1. List the residues of region A:65-101 whose backbone N lies under 18 Å from a point placed 7 Å from the Cα of B:D125 along the Cα-to-Cβ direction.
2. List, shortest first and in nm to one decimal, how far the label point of B:R211 (7 Å from Cα along Cα→Cβ) is from its counterparts in the other copies.
3. Using the number of other C-beta atoms within 10 angstrom as an exposure proxy, rank A:H23, B:H115 with the fewest first.
4. Using only the alpha-carbon atoms of chain B as identical scatterers, what base-10 log of I(q)/I(0) does the Debye formula give at q = 0.09, 0.10, 0.11 Å⁻¹?
5. Once you have the Cα-Cα distance between B:E203 and B:A99, take 0.36 nm times their residue separation minus that, and quote the gain in nm to one decimal.
6. Roughly how far apart, in whole Å, are the Cα centres of region A:87-157 and region B:145-220?
7. Give me A:K36, B:K105, B:K171 ranked fewest to most by other Cβ atoms within 10 Å of their Cβ, as a rough exposure proxy.
8. Evaluate the distance, in nm, between pseudo-label points positioned 7 Å from the Cα of B:L218 and of B:I68 along their respective Cα→Cβ axes.
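Please treat every number below as a calculation from the coordinates, not as lab data. Only a predicted model underlies this, so the values are computations on that prediction, with no experimental measurement involved. Positions of Cβ are backbone-derived with ideal geometry, glycine not excepted, and every protein chain shown enters the neighbour counts.
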There are 2 protein chains.
Amino acid sequence: MPIPESAALASPDFDGAFRARLHDLFAWRRDVRHFKADPLPDGALERLIETACLAPSVGLSQPWRFVIVDEPARRQAVLENFSTCNADALNAYAGELAARYANLKLAGLREAPCHLAVFADHATDIGHGLGRRTMPEMADYSVVAAISTLWLAARAEGIGMGWVSILDPAKIAAALDIPREWRLIGYFCIGYPEIEDDRPELERAGWEQRRLPADHILRR
Amino acid sequence: MPIPESAALASPDFDGAFRARLHDLFAWRRDVRHFKADPLPDGALERLIETACLAPSVGLSQPWRFVIVDEPARRQAVLENFSTCNADALNAYAGELAARYANLKLAGLREAPCHLAVFADHATDIGHGLGRRTMPEMADYSVVAAISTLWLAARAEGIGMGWVSILDPAKIAAALDIPREWRLIGYFCIGYPEIEDDRPELERAGWEQRRLPADHILRR
């Protein structure tokens, strides 16, 4: 169903104070693995998804498909798949790195009050294929843009998100009974974080460090 | 080079006024194809890239590689590849849709003062492969998260971005003389937009309409 045309509004002016706060938001957004059990307010997740749909999408194709996972048996299947994949990942490391990996907490699937799976619909006709001919992966990237939007909007409400990628996408699609043409982009734990921090948890845990942005810029 | 540990800071409080402004930012971010020729202030693009590096990345792998494209011959090669790919795309449409496609302006490559190509480094060891074993595409998604961050930070300064995907990634990598292991995620025009609007240009042009978010939510 199309959205009715909005009345023309004055373009907002984003001032220096807002930009400083926005920078704080980027700096304090975290990939959260330690959640409180407190539920989100009624309707909060749906509002965040609505905001996520303001993201850019290739050809205005809006390929994002949000699956709110509440059924305990389905959540359990996801948790079991994570456990299997995480054990496989641990086996692929050796020595000191294996020991460090074993000590990481990489998902909050048990505690987080909300589970959200996000898919890209590869079969959608919306957008008439514009911009996807030479780079069909643009549909997936549009969904990532929506996820990024949701993440920031959530953090601005004090709500944390954690992206779980240590999963077998085919198993997750089966566990959630999802159309064949949908590709899993991400599975998310959502809830209130145990702590707030401006350093990534993997840096605090000594797994990896942030590099200087200038090291990743080339000129041509 | 690792970034030195920052002093512990109090967690910022994002209030209702900020959240309302943030929603405006999401709503007024646009995919821009009509640019003024005015250059960006010195250092503005580098600052935006620095902000983009606050994005989440799988295993803290920071696989984003930013290529600022200034050389006229390289820009010309990109423009020519866009023209070829866009003509091919037009040929794939018929009738009314072809006529509508032909009328769209899909890139601002000629006018935009800045060209930025963004790649994912598939060969990086940073992050020790964490979170990429079952979903190797996570490296690409991390780069999209950085792009989304850059886009919002730019818009908050009144700077517009346009994502050009009507390109042959192999041709672009060759034109920019990029390592083989880097995958093109997006090519961007950046500059001051001719107009500001809260409706996507493709909607204003009658190509496609935004759908209701509720139409894209499932429960399981």
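1. In region A:65-101, the label zone of B:D125 (backbone N under 18 Å from the point 7 Å along Cα→Cβ) covers A:92-101.
2. Sorted ascending, the copy-to-copy spacings read 3.9 nm.
3. So the ranking, lowest neighbour count to highest, is A:H23, B:H115.
4. Taking Cα atoms of chain B as identical point scatterers yields -0.44, -0.54, -0.66.
5. 35.8 nm
6. 19
7. So the ranking, lowest neighbour count to highest, is B:K105, A:K36, B:K171.
8. Taking the simple label geometry, B:L218 and B:I68 are separated by 4.5 nm.
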